[in-house]
Amino acid sequence: MHTELRISETGAVLEPNFHDGYITGIAFERDRIEITLKSVEQHLYKLTLNEPSAFRVEGEHLGNIVYNLGILAGRTPPPELDFSGTWLPDPRTWSQAVADGQLTLCWNTATLGISFAALCRSVDLSFIGTATSLQPYEPGTDLLE
C-alpha cells in the first residue's frame, strides 16, 4: 500500500486520516523518535521524527485516541497553534526555522490520552501493515495479515 500524505495549509494531516485512530507506541532512538499510529481502518503506520530537537508529551490515559495530527514545515505556524508554556520552547526561537523549512513541527492533539508536540529536522510516514487482533507492534517489525 502506498502512503499518500496530504496536509492542509494549517498543517493538519488529511490523508491518511488518523482522526479517531490511535497512538499505539512511541520508541525513542538516538537520532529519531518512532510513533506507531493505527487508523480506524486498522492500518498501521510508522511516523518517524528525524533528528528531534524538542519533544513534549502530555497525558497517559488508556485509549490514546487521535483528534488532530499535524505536520508543518516551510510555512509560518498559524497563530492558533500556540505551543507556548509547557509544550515547546518560546515560539520566537523556532517559528522562523519552521517557516524557512529548516525545522518541522509535528503535533497530535488527543481526544483522550497522549498529546505531543515535536520539533525535528524532517518527518517520514510509512505504512507498515494491517493490525491483527491482540498482536502488539514491536519497533522494527511488520504486522501483516
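What follows draws every value from the coordinates through simple rules; no lab data is involved. The structure displayed is predicted, hence computed values, not measured ones. Cβ atoms come from the backbone with ideal geometry, glycine included; neighbour counts cover every protein chain shown.
Worth a mention:
- Between the residues 71, 50, 114, the greatest Cα displacement towards the positive end of the dipole of the range 1-128, with unit charges on the Cβ of Lys, Arg, Asp and Glu, is found for 50.
- Rounded FRET efficiency, nearest 0.05, which uses the C-beta distance separating residue 90 from residue 8 and R0 of 25 Å: 0.50
- Full-stretch length increase - residue 54, residue 15 - with 0.36 nm per residue and alpha-carbon distance subtracted: 11.5 nm
- 27 Å tail of the calculated P(r), the range 6-129, as % of Cα pairs: 10
- Put simply, the amide H of residue 66, placed in the peptide plane, has neighbours under 5 Å in 20, 21, 22, 23, 111, leaving out anything fewer than 5 places away on its chain.
- Cβ-Cβ FRET estimate between residue 31 and residue 75, R0 fixed at 22 Å, reported to 0.05: 0.30
- Residue-by-residue Karplus 3J(HN,Hα) for the range 29-36, coefficients 6.51, -1.76, 1.60, Hz, glycine and proline x: 10, 4, 10, 6, 10, 10, 10, 9
- Each other residue within a Cβ distance under 14 Å of residue 120 adds +1 if Lys or Arg and -1 if Asp or Glu, for a net charge of -1.
- Normalised contact order of the range 6-129, rounded percent, pairs of Cα under 8 Å and 6 or more residues apart: 30
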